[in-house]
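The values are calculated or read from the model by the stated rules, or taken from the named source; none is laboratory data. These figures come from a predicted structure and were not determined experimentally. Virtual Cβ from ideal backbone geometry, glycine too; neighbours counted across all protein chains shown.
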Amino acid sequence: MTRYARLLLTYFKINFKSLAIYDFDFYFSIAGMMIQNLINVAALRFLYLLVPTIQGYTFMELLTTYAIASTSFAIFRCFFINTLNIADYVRKGKFDGLLVKPVNPLFQLLNESFDEDAWGDLAISVLILTTIAFSSHMPLLIFLLVLLMCCATSLIFLSLTLLGGMVSLLSQGLADLSETVYDFFEFSKYPLSIYNTPLKMILTWFLPLGWVAAIPQSTVIDDGRWYFAILVVGIPVAFFTLVYQLWRLFLVKYQSTGT
C-alpha cells in the first residue's frame, strides 16, 4: 500500500508538471469548462421557465441534482478520464506495456493522464453546491456527506467506462463503447421520477445512475436521513467491485494486437 501511495504521488507530480508546460492552454481550458457549466445552469433555468412544474420539483431542487451529478462526473474526469483511451492503448500496443510492468494495470491506466479541462468543471460544480448549501441553510454534516458521496459515486462512471473498455479488449481495439459514459451522465442529472418505471428500475439497480444524484438528494438532503449516505457510498463501491472482477477476467482473456 505504501508503494502505491508513493507511485500515486509521483504520477500526480508528473501529470501536473506536464499540464503546467501549457500554461495558457491549461488556464483557458479551465475557464472554458467553467463558462460551459454556467451555460448549462442557464439552460436549466430556461427549461424551468418554459416548464414550471417538472414532476413537482422546484428549480433549486433541479439545480441541486444537477450540481451533485456534475461534481461526481467532474471527479471522474479529473482522476479516471484515461479509461476512455483503452481502445487507443490496445490498437497502438501500449496496453501490452501496462500488463508487463509489476504494477496493477488499472492503477497505471488511471494515473498516466489527467484531464485539464475537468478541474474547471469541478471548481464550478463545487461552487454551485456550496452556494446551494448556504442559501438553503444546509447543515455542515449534510454538505460534507454530499461531497463524500460525490467521490464515491464517481466510481459508477468509472465502472461504466471500464465496461465499455472491455469491448475494446475483446475486439482488439476495433470497437469502443467507453465514450457512452457521457450519454449515461445525462441520465444522472435529473430526478428519477421523470423517467418511466422500467427505466427507473434500470437506473437504480442495473446501471445505478440514480445513486449519483437523484437518490442522495431525495434521501440525505431533502429528508435529512444522513445515515442513508452509507448505502449511497456502498452501492457504487459494490458496483465497482463487481465490474473490477469482470475487468480482471477480461485481462486474462486479452490477446495482444502484436503492435
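Brief remarks on what is shown
- From the options 169, 251, 231, 199, residue that is farther than 16 Å from residue 76 by Cα, in contact (Cβ under 8 Å) with a residue 12 or more places away in the chain and surrounded by fewer than 18 Cβ atoms within 10 Å (Cβ to Cβ): 251
- Which numbered condition residue 171 fails, given (1) over 19 Å from residue 95 (Cβ atoms); (2) more than 13 Å from the chain's Cα centre (by Cα); (3) among the hydroxyl-bearing types (Ser, Thr, Tyr): (1)
- Within segment 131-146, being within 11 Å of residue 64 (Cα to Cα), in contact (Cβ under 8 Å) with a residue 12 or more places away in the chain and surrounded by fewer than 17 Cβ atoms within 10 Å (Cβ to Cβ) holds for one residue alone: 136.
- Some residue of segment 239-259 being closer than 28 Å to residue 40 by Cα, of a type outside the set (D, E, K, R) and modelled with pLDDT of 95 or more: no
- Residue within segment 196-217 that is assigned to a helix (DSSP H, G or I), polar (S, T, N, Q) and closer than 22 Å to residue 132 by Cα present: yes
- Count - residues of segment 67-89 that are of a type outside the set (Ser, Thr, Tyr), more than 14 Å from residue 111 (Cα to Cα) and buried (at least 24 other Cβ atoms within 10 Å of the Cβ): 5
- Among (1) buried (at least 22 other Cβ atoms within 10 Å of the Cβ); (2) outside any loop (DSSP other than H, G, I, E, B), the one test that residue 110 misses: (1)
- Tally of residues being among the small types (Gly, Ala, Ser), assigned to a helix (DSSP H, G or I) and modelled with pLDDT under 95 across segment 142-187: 4
- With respect to the conditions (1) hydroxyl-bearing (Ser, Thr, Tyr); (2) in contact with a Cys (Cβ under 9 Å, 6 or more places away or on another chain); (3) closer than 21 Å to residue 4 by Cα, residue 113 falls short on a single one, namely (2).
- Positions within segment 90-107 being outside any helix (DSSP H, G or I) and modelled with pLDDT under 90, in sequence order: 93, 101, 102, 103
- Taken together, 175, 152 contain a single residue that is of a type in the set (A, V, I, L, M, F, W, C) and either without any contact (Cβ under 8 Å) to a residue 60 or more places away in the chain or surrounded by fewer than 16 Cβ atoms within 10 Å (Cβ to Cβ) (or both), which is 175.
- Any chance residue 64 is in a helix (DSSP H, G or I), crowded, with 24+ Cβ neighbours inside 10 Å and under 13 Å from the mean Cα position of the chain (by Cα): no
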